[in-house]
Every structure is written in C-alpha cells, then in structure tokens.
1. Which distance in Å, rounded to a whole number, links the C-alpha centroids of the stretch 73-98 and the stretch 261-305?
2. Which of the three applies to the stretch 196-254, rounded, prolate or oblate, going by the alpha-carbon gyration tensor with a ≥ b ≥ c and a/c under 1.5 meaning rounded?
3. Arrange the following residues from fewest to most other Cβ atoms within 10 Å of their Cβ: 245, 112, 9.
4. For the ranges 80-92, 120-132, what's the packing order if you count other beta-carbon atoms within 10 Å of each residue, average per peptide, and put the highest first?
5. Tell me, in nm to one decimal, what length is gained between residue 8 and residue 258 on full extension, where the rule is 0.36 nm per residue of separation less the Cα-Cα distance?
6. Pull out a ≥ b ≥ c, the square roots of the eigenvalues of the alpha-carbon gyration tensor of the stretch 257-303, then state rounded if a/c is under 1.5, prolate if not and a/b is larger than b/c, and oblate in the remaining case.
7. Could you check the simple spin-label distance between residue 152 and residue 288, using points 7 Å along Cα→Cβ, in nm with one decimal?
8. Could you tell me whether the stretch 122-168 comes out rounded, prolate or oblate from its Cα gyration tensor? Rule is a ≥ b ≥ c as square roots of the eigenvalues, rounded for a/c under 1.5, then prolate if a/b exceeds b/c, otherwise oblate.
C-alpha cells in the first residue's frame, strides 16, 4: 500500500514519526513477510553493498553522548536497535562503548531525539481529526501530562492549525505529578491491604547511582539494560520483583563506570583485558594515550563489571 493510504488510515501525516508501542491500523491483506525474503538478492556478496547503500540513504539526527549513555540504552529510548545505530555510523559497531561528548548519528527524527534523549519539549501543529487523547497516545505520554503542558483540560477539544507543546519524555508538571502520586499511593495501599507482598530473594547491588524512571520503563527492561537480575535490582530498591515503576520515580541502578586505583604491575593492556574492553576504549575513557605508562596510585575510570 502507499504511504498516503497508511497515513490516512491512521489519521496521521506521511512524515509523522512512529513510536514504540504505538498501535497502527493496516489492511487485513498486507503481507508482513516480504522484508525477510528479498526478491532480488542473488548472493550474499551482492547484498553487502545494498545494505551499505540503504544505510547511507537513511535520514539521521546527530546526538551528543551524555554521561551514563550506552548504545543499547539510546537505541531502546528511540525505538531502534543498536545495530540500526551502528549501521549509520562507520566508526563503530553494535558492541561499541560510547564516550561522553562523542557525537553519533541516530536513524530517527530530530523531534524524537529531542524528546527522548535530550529531554526537550517539541511543538506539534494540530491536524484535522486530532484529539488530545489521540495525540497523547501517538507520543506515548499521559493524557494529563499533555493537557497540563498546554493549560488544557483532559476533555478539551483541539483547534485545527494551532500549535501545542509535546512535553519531553519523563517530564511531568507539578500538579499532574501530585495527582499521579496520590493516585498511586491510594492504589498501592489498597493492594497491600488485600494481597501479601511478593518475597524477593535478590541481593543488594554495590556501586549504584540514581536513575529517573522514564515512560515505558519496567524492572525487567531496566535489569536487562544494566546487565543484572530483576531480583537484585528489586532488592537494591527495597521493592518486589512485580513492582510497577512510575515515571519520574528515582531508583538505584548499577553505575556504568567506577573508579579504579592502579596497583603495582598494572598496565593499560592488562586492565583492558581484565574489564573486557579494547586498550583504545579504556584509554579514551580516561583521556590518555594508548601507550601511556600507568603510575601506581593513579586513578582510572573503568567499566563497572
């Protein structure tokens, strides 16, 4: 089907970005198997240049890596895979460790990068057929949050052509946050009165830092992202493994990096092997040359392993 047909069927624009978890309507006759079996791929060797050509034609947005960012984390935040990001960046692969301040290309719109990675609000021009509920669902944000960001009521009608603000992912107005906290507290107390707490056999993690829960985050997804068990992550935060996280909530997660004091006999190559990174990655992490001679007592930044 054409892009225009699909857009019309879902009452969205042909250039609108799609979001993880968004539900789309498609004709019942659509065959989704075509991506897995290209018709014109005579051999493995001929498919390689095609992939390169495809990657080079993908629209991308530049993003400056922040402290604590990982390739998988960035990919999850914007709804693509680490491989998708690596494909549009010729200087690293899907297993690369990113450095703070590094500029990378992300194969999504600037709007998506601004909201999900830079925590910035964006503007949206109301189209024919738009409703507050529909826009909230499209951007995967709460109806109350969207209404509060635009000084509207949750049952307000949108005016065609007017520009509204889509709040940054994870941002909640004070009033909306207060109402949400009150509701959550009431629901939690109600549940605790009627059901016993789930026991947790995990152990508390060391070397943690604070993390602000984003929209769509769950204990299982965060445990996978940080390479720990759900039980350990739950225990570290004094909650059960079935606890529901709330956007804006602050929890403890493993630090991406920790400080290491150089001991006698330590070398950059040896420490790189110990922490399963390349010598260059470890050197870049510490802003030193790969052939630097380490001094006993020197402090280095190393992966939290």
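Nothing in this text is a laboratory measurement; each read-out follows from the coordinates by a stated rule. Please read all numbers here as calculations on a predicted model, not as lab measurements. Using ideal geometry, Cβ is built from the backbone for each residue, glycine included, and neighbour counts are taken over all protein chains shown.
1. Between the Cα centres of the stretch 73-98 and the stretch 261-305 lies a distance of 25 Å.
2. Details: a/c = 1.58, a/b = 1.13, b/c = 1.39.
Oblate.
3. On the way: 245 17, 112 22, 9 13.
So the residues, fewest neighbours to most, are 9, 245, 112.
4. For the peptides 80-92, 120-132, the packing ranking is 80-92, 120-132.
5. On the way: separation 250, 0.36 × 250 = 90.00 nm, distance 5.07 nm.
The span from residue 8 to residue 258 would gain 84.9 nm if fully extended.
6. Details: a/c = 1.32, a/b = 1.19, b/c = 1.10.
Note, shape of the stretch 257-303 comes out rounded.
7. About 5.5 nm separates the two model spin labels.
8. Details: a/c = 1.34, a/b = 1.24, b/c = 1.08.
Since a/c stays below 1.5, the shape of the stretch 122-168 is classed as rounded.
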